[in-house]
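Since the structure comes first, as structure tokens, the remarks are kept for the end.
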Amino acid sequence: MKKQLFNGYTAALMGSLLMASVFSTFTHAEIALGEAQAPVTVIEYGSLTCDYCVRFHREVLPSVRAQHIDNGQVRFIFRHYPTSAAAMRGAVAASCAGDHSYQMLDQLFTSIKSWAQAEELDNALIEQASAIGLNRTTFRACLNDPQSERSVVHEQQQAFAELGVRGTPTFIINGLMVTGIKNSAQFELLIQKALKGATSSTTRADISNTHQE
């Protein structure tokens, strides 16, 4: 029994350390859905031209949002890990959307065929930005700013070097790294496990505080 408790504590500690590392490597505003204090945080390192990432955003994330994000159980964070030149420009485009970054991300995943293979890629991205009501001139200026792309590259390099992210999609769910495509049922199991772990951690903390009083 003691060994099981120790293993559970160790796993929780390692998860906490990874989550601390995850947040220390990211310095810009997050592309996020859900409450910051949600018991479960799901971070996706994804690419806008990754087929598995597209499937996740079209087929899995909507159910996660309806069942867990909207009720405060889960916070979802997307971080760019571009796997192609088009994905890199798409990542820059989403970042340039500012407060509308998630709306732009969703627009790009939904309409990937409209922009990813366009001959004038930046012009196609500007059209996508315009479709969600962004100012064309301001958006174009951000796309043309070399710093916008350098920021995406820097964060990707950090994820590679410090977190061991090697491909897309890679998920970190309360400190547990999960790679590859997961269908709705598989992802639901992962979230339920994380919710159970979060509840257990809270209970252990409450017991510890009681003993200290």
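Worth a mention:
- Flag for ALA94 being of a type outside the set (Val, Ile, Thr) and in contact with a strand residue (DSSP E or B) (Cβ under 8 Å, 6 or more places away or on another chain): yes
- GLN73 being in contact (Cβ under 8 Å) with a residue 12 or more places away in the chain and open to solvent by 40 Å² or more (accessible area, probe 1.4 Å): yes
- Test set (1) farther than 23 Å from GLY98 by Cα; (2) open to solvent by 30 Å² or more (accessible area, probe 1.4 Å) - THR170 fails condition number: (2)
- Contact map, segment 96-121: residues that are without any contact (Cβ under 8 Å) to a residue 60 or more places away in the chain and charged (D, E, K, R) paired with residues that are surrounded by fewer than 19 Cβ atoms within 10 Å (Cβ to Cβ) and assigned to a loop (DSSP other than H, G, I, E, B), Cβ distance under 9 Å, separation 6+ or inter-chain. Pairs shown: ASP99/ALA29; ASP106/ILE132.
Results for (1) acidic (Asp, Glu); (2) modelled with pLDDT under 95, shown as yes or no for each residue.
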site	(1), (2)
LEU5	no, yes
GLU35	yes, no
VAL40	no, no
ARG65	no, no
ALA91	no, no
SER111	no, no
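- Among the residues of this structure, GLU149 does not count as one that is modelled with pLDDT under 95 and either in a helix (DSSP H, G or I) or under 21 Å from VAL40 (Cβ atoms) (or both).
- Qualifying position, being over 18 Å from GLN157 (Cα atoms), among the aromatic types (Phe, Trp, Tyr), modelled with pLDDT under 95 and open to solvent by 20 Å² or more (accessible area, probe 1.4 Å), among TYR52, TYR9: TYR9
- Segment 98-129, subset more than 15 Å from VAL54 (Cβ to Cβ) and not in a helix (DSSP H, G or I), residue most open to solvent (accessible area, probe 1.4 Å): GLU119
- Residue count for segment 39-77, restricted to those that are in a strand (DSSP E or B) and either touching a Leu at 6+ places or on another chain (Cβ under 6 Å) or over 20 Å from LEU189 (Cα atoms) (or both): 3.
Each row is one residue, and each column tells you yes or no for (1) closer than 25 Å to ALA36 by Cβ; (2) more than 16 Å from the chain's Cα centre (by Cα); (3) at pLDDT 95 or above; (4) not polar (S, T, N, Q).
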| residue | (1), (2), (3), (4) |
| --- | --- |
| ASN123 | no, yes, yes, no |
| ILE132 | yes, yes, yes, yes |
| ASN144 | no, yes, yes, no |
| THR170 | yes, no, yes, no |
| GLN186 | no, yes, yes, no |
| LYS193 | yes, yes, yes, yes |
| THR202 | yes, yes, no, no |
| SER208 | yes, yes, no, no |
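- Every residue from segment 147-160 that is farther than 22 Å from ARG55 by Cα and open to solvent by less than 80 Å² (accessible area, probe 1.4 Å): SER148, GLU149, SER151, VAL152, VAL153, GLU155, GLN158, ALA159
- Applying a threshold of 7 Å to beta carbon distances and a minimum spacing of six or more residues, or different chains, the list of pairs starting in segment 153-167 at a residue that is under 13 Å from GLU44 (Cα atoms) and ending at one that is outside any loop (DSSP other than H, G, I, E, B) and of a type in the set (S, T, N, Q) reads LEU163/SER21; GLY167/THR179.
The values are calculated or read from the model by the stated rules, or taken from the named source; none is laboratory data. Since the model is a prediction, treat every value here as computed from it, not as a measurement. Reconstructed Cβ throughout: ideal geometry from the backbone, glycine too, with neighbour counts over all protein chains shown. In case anyone asks, the SASA skips ligands and DNA or RNA and just uses the protein heavy atoms, side chains included. Shrake-Rupley method; radii C 1.70, N 1.55, O 1.52, S 1.80 Å.
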